[in-house]
1. For the range 59-144, state which GluC sites (Glu not before Pro) are in a DSSP loop and have at most 16 other beta carbons lying within 10 Å of their beta carbon.
2. How far apart, in nm, are two points set 7 Å out from the Cα along the Cα-to-Cβ line at Val141 and at Asn98?
3. Assuming 0.36 nm per residue, please report the length gained on full extension of the stretch Gln117 to Gln69 beyond their Cα-Cα distance.
4. Considering only protein heavy atoms, with the full assembly of protein chains and a 1.4 angstrom probe, order Lys138, Lys152, Lys4 by accessible area, largest first.
5. Given a Förster distance of 41 angstrom, what is the FRET efficiency for Asp15 paired with Asp149, based on the Cβ-Cβ distance and rounded to 0.05?
6. For Arg32, Arg121, Arg144, give me the order by solvent-accessible area with a 1.4 Å probe, most accessible first, ignoring ligands, DNA and RNA.
7. If you place +1 on the Cβ of every Lys and Arg and -1 on the Cβ of every Asp and Glu, how big does the dipole about the Cα centre of the chain come out, in debye to the nearest 20?
8. From zero up to wherever the largest Cα-Cα distance of the chain sits, split into 10 Å bins and tell me the percent of pairs in each.
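The values are calculated or read from the model by the stated rules, or taken from the named source; none is laboratory data. No experiment lies behind these values; they were computed from the predicted model shown. Glycine also receives a Cβ, built like all others from the backbone with ideal geometry; neighbour counts cover every protein chain displayed. These accessible areas exclude ligands, DNA and RNA; they are computed on the full protein's heavy atoms, side chains included. Shrake-Rupley method; radii C 1.70, N 1.55, O 1.52, S 1.80 Å.
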Amino acid sequence: MFDKLIEFLLNIIEDILPIFFVKQYDNGILLRGGKFIKVVTPGPVFKIPFLDKIETNTIVTTTLSIPTQSVNTKDNKLIVVKAVVKYKISDVEAFMLNVYDAADAIADTAQAIIKEQIAMRDFVECTTNEFDNVITKKLRVEVRKWGVDVEKVTLTDIGQIKSFRLFNEGGIY
């Protein structure tokens with residue numbers, strides 16, 4: 001209860017002050033009455049109290065783990081793949097205004113591209129270093145519209161798995 005009160009008071013003080021400091025590793029956007037006005041960069045930013053709101057986001061390079069997924073290759077082998085995407089924000093306006101949950105969008109897009117590319121290749125082709133570069137290039141093109149610059153996609157785990165299916169038809173197990 002007490003922590004909520006302190007948080008509320010800090011928000012009021014932030015709204016009252018006519019100056020906001022953007023950190024060195026952040027960029028942000030200035031919203032006036034909820035409408036985009038301009039991109040703000042590190043340092044002091046002057047604002048109109050109660051009318052202006054500054055939203056910031058870290059723009060330095062970060063990594064995102066892509067969840068494990070099972071995919072069939074062109075030669076019909078079932079493989080499991082896990083990846084890491086290394087990216088940074090290149091256009092904070094597009095990043096904050098064009099996509100709601102960027103990490104989710106990047107992960108979903110990366111999974112779709114990985115699945116699509118694996119389905120077009122044999123298992124041996126999927127294990128080469130060049131395969132990472134193909135995925136990186138395709139993901140880079142897809143997420144550019146969200147203000148994201150993909151530096152590298154790395155498949156951290158890739159391996160063939162064997163699956164057994166049990167059928168329950170007619171009482172046979």
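1. Details: sites: Glu93, Glu116, Glu125, Glu130, Glu142; in loops: none.
Answer in residue order: no site qualifies.
2. Distance between the two pseudo-spin positions: 1.6 nm.
3. Values: separation 48, 0.36 × 48 = 17.28 nm, distance 1.32 nm.
Length gained, Gln117 through Gln69: 16.0 nm.
4. Working: Lys138 90, Lys152 65, Lys4 130 Å².
Descending accessible area places them as Lys4, Lys138, Lys152.
5. Details: r = 33 Å, r/R0 = 0.80.
Result of the calculation: an efficiency of 0.80.
6. Details: Arg32 90, Arg121 50, Arg144 140 Å².
Output order, biggest surface exposure first: Arg144, Arg32, Arg121.
7. Working: 22 positive and 23 negative charges, 59 e Å.
Dipole magnitude for the chain comes out near 280 debye.
8. Calculated over all Cα pairs of the chain, the distribution is 9, 27, 23, 17, 13, 8, 3, 0 percent.
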